[in-house]
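I have placed the structure first, in the form of C-alpha cells, so that the comments after it can refer back to it.
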Amino acid sequence: MGSNHLSLTWVLLVIFFSFPSQFVIQTHGIKSTRLLDLAIRYYTFKSYKHFKTGLPYDVRLPSNLTGIDVSTVKYRCGSLKRYGATINEFHLGAGVDVHPYVERVLLVTQTLGSNWSNIYYENYDQLLGYQLVSPVLGLLAYNAEDGTNFDTQFEVKIESPNANGITIDFGNYTMTKKNNDTASLAGRMQMCATFGDDGKVTLEKEVGPNVCGATRHGHFGLVVRADPLLLAPERKKIKRWKVVFGSSFGAAIGAFLLGLLLIAMFVKVKKKARLEELERRAYEEEALQVSMAGHVIRVQNVNHP
C-alpha cells in the first residue's frame, strides 16, 4: 500500500480516537482492516471490567458486526513468557516476549466470517492470484494494567524468538466456496498468508496439516492459487470499487482544497484593498497637511512683508 493509504489511515485513526463512540456505531461501512481492529478493540474494552487473569471471555459485538467472534484472556507477562498460552486456535510457545513490557497483557483473538475476511482480500493486492479458503484469524495484544481508561489500552507486540513459536490451527474450518466448488479447490496446495500492517502479504508453507506458523501477532489465513478466468469478474469489481472510492475521496479533497484556495484569495484581495485604502488616506492626509502648511505660509507673508 502506498503513502496515500498510510495518510488516509492516520486521518481515520484521528477521527476514530476523537469520536470513538459515535464512529463505531457505523461499523457496517468499514472497508479498512485497521478500522475493523479499532472497532473490535473499542467493544472489547467497553466490556472490560474485572476480567480475571487466565480465564477466557467472549466479547459481545453489535449486530452490525455479526459474523465476527472475539475472545480475550488476560495474562501476566512473566507467566506468559515462562509457560506460553493457548487461546482458541492460537498457541503461543514458551519464550514469547511483550514489547513494550507491561505487567499484564490482554490477548484478543478474532475469527472473521467470510464477509469480513473479504476485507483483507480487497485491501491486499498480492492476493489477486489467490483466494481464501479459510476465515481470517487474528491475534492482537493490548496493555491490560488499567481497564478503566480507554486511552491507556495501547496495542503491544507479541513476538517469539523461536521460528514458528506461534502456531495457528485451521483444522476446525473447512474450505469455503468462492467462485468454485470445494472439490476442485481441494487438489491445490494450501499456503499460509500473513497479513502485515504495511499492506503486504507473506505466503509460506504450512508447518502441519491446516496449521500455520508465525513469530509474531497479526492476521492469518489459508489461501490457494485461483483460476485467473474465475477471478476476472471479481478483480474488475474490486478495481471498480477502488476507482469509485478513490474518485470520491479525491473529489472531496479537491473541493476542500479549492475552498481553502478561494478563502485565501478572498483574504488576499480584502487585505490588498485595505492597504490601498490606508495608502489613499495617508496620501490625502499628507496632501491636506501640505496644503494647510502652504496656506499658513501665505498668510504669514501677507501680514509680514
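The values are calculated or read from the model by the stated rules, or taken from the named source; none is laboratory data. On a predicted model such as this, the values are computed, not experimentally measured, just so you know. Using ideal geometry, Cβ is built from the backbone for each residue, glycine included, and neighbour counts are taken over all protein chains shown. Please note that ligands, DNA and RNA were not included when accessible areas were found on the heavy atoms of the full protein model with its side chains. Shrake-Rupley method; radii C 1.70, N 1.55, O 1.52, S 1.80 Å.
With both labels modelled 7 Å from their Cα along Cα-to-Cβ, the Ala163 to Lys270 distance reads 6.8 nm.
Between Lys49 and Asp198, the FRET efficiency estimated from the beta carbon spacing at R0 = 30 angstrom works out to 0.30. Taking 7 Å steps out from each Cα toward its Cβ at Ala255 and Asn172 produces label points 4.6 nm apart.
With 19 Å as the limit on Cα-Cα distance, the pairs of Lys46/Lys157; Lys157/Lys205; Lys46/Lys74; Lys74/Lys200 that go past it are Lys46/Lys157; Lys157/Lys205; Lys74/Lys200. The largest accessible area among Met189, Met265 belongs to the first residue in Met189, Met265, and the rest follow in falling order (1.4 Å probe, all chains). Just the protein heavy atoms count here, and of the accessible area of the range 86-133 at 1.4 Å, carbon and sulfur take up 48 percent.
With a Förster radius of 41 Å applied to the C-beta separation of Asn118 and Arg76, the computed FRET efficiency comes to 0.65. On a per residue basis, the range 59-98 carries 47 Å² of accessible surface, using protein heavy atoms and a 1.4 Å probe.
Net charge in the neighbourhood of Ile68 (other residues with Cβ under 13 Å of its Cβ; Lys, Arg +1, Asp, Glu -1) is -1. Assuming R0 = 41 Å, can you tell me the calculated FRET efficiency for the pair Thr215 and Ile263, based on Cβ-Cβ distance, to the nearest 0.05? The value I calculate is 0.20.
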